[in-house]
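Written out below as structure tokens is the structure these notes cover.
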Amino acid sequence: MTANKAGQTVKAAVKAKDISEGILRHLQQSLGVEMEEAGPAEFWEALSLVVREIDLQRIRATRKKERENKARRVYYLSLEFLVGRLLSNNLHNLGIFKEAEKALSEMGVSLTDVLEHEADPSLGNGGLGRLAACFMDSLATLDTPAIGYGINYRFGLFRQSFAGGRQVETPDGWREDSFPWGIERPKRKQLIKLYGRVAEHAGKAVWEDTRSVLGMPWDVPVTGYNTETVNTLRLWESRATEGFDLNSFDAGRYQDSRSQEITAENISQVLYPNDNHPAGKELRLIQQYFFVACSMADLIDRYKRENGDGWDHFADKVVMQLNDTHPAIAVAELIRILLDEEDFKFPDALVLCRKVFAYTNHTLLPEALEKWPQRLIARVLPRHMQIIHMINYHFLHSEVDAVWPGDDSMKRRLSIIEEPDRPGDDQMVRMAYLSVIGSNKVNGVAAIHSKLVQDMLFPEFHRIWPDKIVNVTNGVTPRRWLDHCNPELAELIDNSIEGDWRGELDLLSDLKPFANDEAFQRKFAEIKLNNKRKLAAIIKELCNIEVNPEAIFDVQIKRLHEYKRQQLNLLHIMALYRRLLENPNLDVPPRVFIFGAKAAPGYLVAKSIIHAINRLADRINNDRRIKDKIKVVFIPNYRVSLAERIIPAADVSEQISTAGFEASGTGNMKMALNGALTVGTMDGANVEIAEEVGDDNIFIFGMTVDGVSELRSRGYNAWDVYHASDELKSVIDWLGSGDLSPEEPDAFKPIVESLLDRGDYFLTLADYQAYSDAHDRIVQTWKNPREWWRKAIINTASMGKFSSDRSIADYNRTIWNMK
Ligand code: 26Q
């Protein structure tokens, strides 16, 4: 467990005694308190500072090694890195968790208590941001030279609470209590430009009359597991520069609805809370360009420090991965630098650009594809707009024309610039097209998704470049999502199989022979029950609801979105409740339905679904007639640190998106890894999970991608389904009746309208019966514990493929060409 591939020990040579000395030193000298006065928060900070010293020393060693090896480096550009708490993760990866526990306990302090005092950095919305964090962990673990670039938001994703069951958002100033992991690097600050105009001087374009903003980098060390490599996550913070402050610039004109003017400091103030739905705000575009321009200048500086001024080796040393289209402006920024500052000619600039960019697509939702008004880009980034036109001209007239000669309608279809439907409306810049055209490789995030990216999203691009679009199935880090969050299961695995499963997750398949072993099943079930007891205590504390740890814990945790279909779960629970009222002696095991989800503040239907689930929960949880057969819990403020408590306690994992809409999902992997059984559609990574665990060990239901498109072409009528099912009709009528919200009878009308009047775009009703049947199968299986636990163990044993180490190895091989 402590030896790397070469057999050397890479555990930090740090003993409990060194740690306690370090803690004492930092308590007194960094925090200015005596040990006797220190509470858990101070111990947390002091221990973090001790760990940071080890990290920093290893960062320097890592950089030295990289300079010697002269390897290619990955720059992962992402507007979101949902890293989660870092102390425990660092202790695990450095292999000093036990020593730290010992050091603290000798000082009379519990490490578990101390760890709870860390704020959870909320620098992301959901899947895409958390994926970036898992990838950073695996990049370091695989010793891949890498830097993550993002924004150090002052306010991360909002905090969620409920008032009368409705979502209420408040700002999350997560750094307010110190954040020892971020280290300011003034030496590496950057000055970037915005606005202005483009003039021509002696045949060269000059971007002038600009406003400047200063970018200050904060470095967060990223430790790898069982390696000495420590990489860097570099997060930019915006600052005003003297004399060039955006403040002085006609600020009044740039107010959005919340009267948020655009000032230099404002740029890194707040993470946009939209998930799978772009906001289209000027400040968001500026955020994108700000972090891209700072990162590009930073990596070019580094390249020149390490390789001299020439560009000959740039593509051998640099690869930039675009995490969705959010950093797509980087394509234009690199070409701008090459043309305007480095004397490149356009064709050579484009050739170089296409060697160093790769783009990951995370969504097929049409409304989620980023488009910016051409006029907005022309005003904020006038030179970049010119360059986008140059790229587009070259693409349409030499590359599209070569395949479809003289075909103007094809040129219109594939143009980066979308012409408006109605004359007079804005032309829009399609950021996905810019990303595809500027990149060497494009990837989807699960096999079925990548196929749809090839065939449905970018079919013409796939014709032009048949090798460009590839698949890399997502993964999750087993360090955080098994070892750290489920220590008892980790120990059981340690005692059962040989080898370093934390670093080679495929080894979990050696658990398969235990799946039917009664003693092993008993231990596995006991661990799950323990995790459920702990979650029950958290639910009592946060929601004041008592739940039975022996009940089935049925979990749906993810952003709230109609395509993820929390409303399908809701309708089914309403039906179950009615069935129980009609027949209180129904022979069903007790079930707890657990939700965690934030809705984008402007997404009304999503907010209405949260409200409805909370109101239903109130009704059901207080109805003595059903004898605690069902409980419904909506845990507020779902985030990484709560996921770490909920996932190890899940029996059933709800992955019920409309087929074709969930690109991958990663919570599905985390819950299966911790022994939950999935109820899911053939969508995203569920397809590959089913393949790995086998059809007997997963509850697949509902329409497939092909079924969905057949149904749509036949013509789908939600009303027909409604009228054909008494049960469905009765629960939808109930939802619309106002009974659950008497003070505001129309509160749930948006849901009913979406399901009926607006045609049920996500086919919730069409899949209802199949979903209900799948739940009946779950209940039948639960009644046979030997069978249930055999399936659960096979799930854990079959998740080897879904380690983010495997994902990164795939990127290294198929996209980044790393040695
Ligand atoms: C874009 C422009 C302006 C404002 C916000 C946004 C924005 C922000 C976040 C658009 C999309 C997102 C997030 C998308 C996301 O999380 N996608 C998920 O990515 C996961 C990792 O690949 C997949 O597992 C999920 O299936 C996918 O939904």
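The values are calculated or read from the model by the stated rules, or taken from the named source; none is laboratory data. All of these numbers come straight from a predicted model, not from anything done at the bench. Cβ placement follows ideal geometry from the backbone for every residue including glycine, while neighbour counts extend to all protein chains displayed. Heads up: the accessible areas ignore ligands, DNA and RNA and are worked out on the full protein's heavy atoms, side chains in. Shrake-Rupley method; radii C 1.70, N 1.55, O 1.52, S 1.80 Å.
Below, the figures for the structure above:
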| read-out | value |
| --- | --- |
| Total residues in the stretch 37-72, condition basic (Lys, Arg) and outside any helix (DSSP H, G or I) | 2 |
| Flag if Val470 is touching a residue at least 40 places away in the same chain (Cβ under 8 Å), within 16 Å of the ligand (Cβ to nearest atom) and open to solvent by 10 Å² or more (accessible area, probe 1.4 Å) | yes |
| Members of the stretch 335-381 found to be open to solvent by 40 Å² or more (accessible area, probe 1.4 Å), of a type in the set (A, V, I, L, M) and not in a helix (DSSP H, G or I), listed by number | Leu369 |
| Any pair with Cβ under 8 angstrom, 6 or more apart, that starts in the stretch 119-141 at a residue that is within 28 Å of Arg63 (Cα to Cα) and ends at one that is assigned to a helix (DSSP H, G or I) and within 8 Å of the ligand (Cβ to nearest atom) | Leu123/Gly129; Gly124/Arg130 |
| Selection within the stretch 711-728 - surrounded by 14 or more Cβ atoms within 10 Å (Cβ to Cβ) and either among the charged types (D, E, K, R) or touching a Gly at 6+ places or on another chain (Cβ under 7 Å) (or both) | Ala718, Glu727 |
| Filtered residues of the stretch 502-519 (kept if in a helix (DSSP H, G or I), touching a Lys or Arg at 6+ places or on another chain (Cβ under 8 Å) and aliphatic (A, V, I, L, M)) | Leu505 |
| Enumeration of residues in the stretch 146-168 that are surrounded by fewer than 21 Cβ atoms within 10 Å (Cβ to Cβ), assigned to a loop (DSSP other than H, G, I, E, B) and not hydrophobic (A, V, I, L, M, F, W, C) | Arg154, Gly164, Gly165 |
| Glu460, sole failed condition from (1) open to solvent by 20 Å² or more (accessible area, probe 1.4 Å); (2) in a helix (DSSP H, G or I); (3) more than 30 Å from Ala432 (Cα to Cα) | (3) |
| Output for the stretch 382-432, where each listed residue is within 17 Å of Leu285 (Cα to Cα), free of Cβ contacts under 8 Å to residues at least 60 places away in the same chain and open to solvent by 30 Å² or more (accessible area, probe 1.4 Å) | Asp426, Gln427, Met428 |
| Single condition Gly165 does not satisfy, out of (1) on the phi < 0 side of the Ramachandran plot; (2) in contact (Cβ under 8 Å) with a residue 12 or more places away in the chain; (3) among the small types (Gly, Ala, Ser) | (1) |
| Positions within the stretch 757-795 being open to solvent by less than 10 Å² (accessible area, probe 1.4 Å) and more than 16 Å from Asn697 (Cα to Cα), in sequence order | Asp760, Leu763, Thr764, Leu765, Asp767, Tyr768, Tyr771, Ser772 |
| Identity of the residue in the stretch 175-207, in contact with a Gly (Cβ under 8 Å, 6 or more places away or on another chain) and at pLDDT 95 or above, that ends up farthest from Asp618 (Cα to Cα) | Trp207 |
| So Tyr254, is it within 16 Å of Ile377 (Cβ to Cβ), open to solvent by less than 50 Å² (accessible area, probe 1.4 Å) and modelled with pLDDT under 80 | yes |
| Elements of type helices (runs of 4 or more DSSP H) contained in the stretch 610-709, each with 2 or more residues being of a type outside the set (D, E, K, R) and closer than 23 Å to Asp776 by Cα | 667-673, 686-693 |
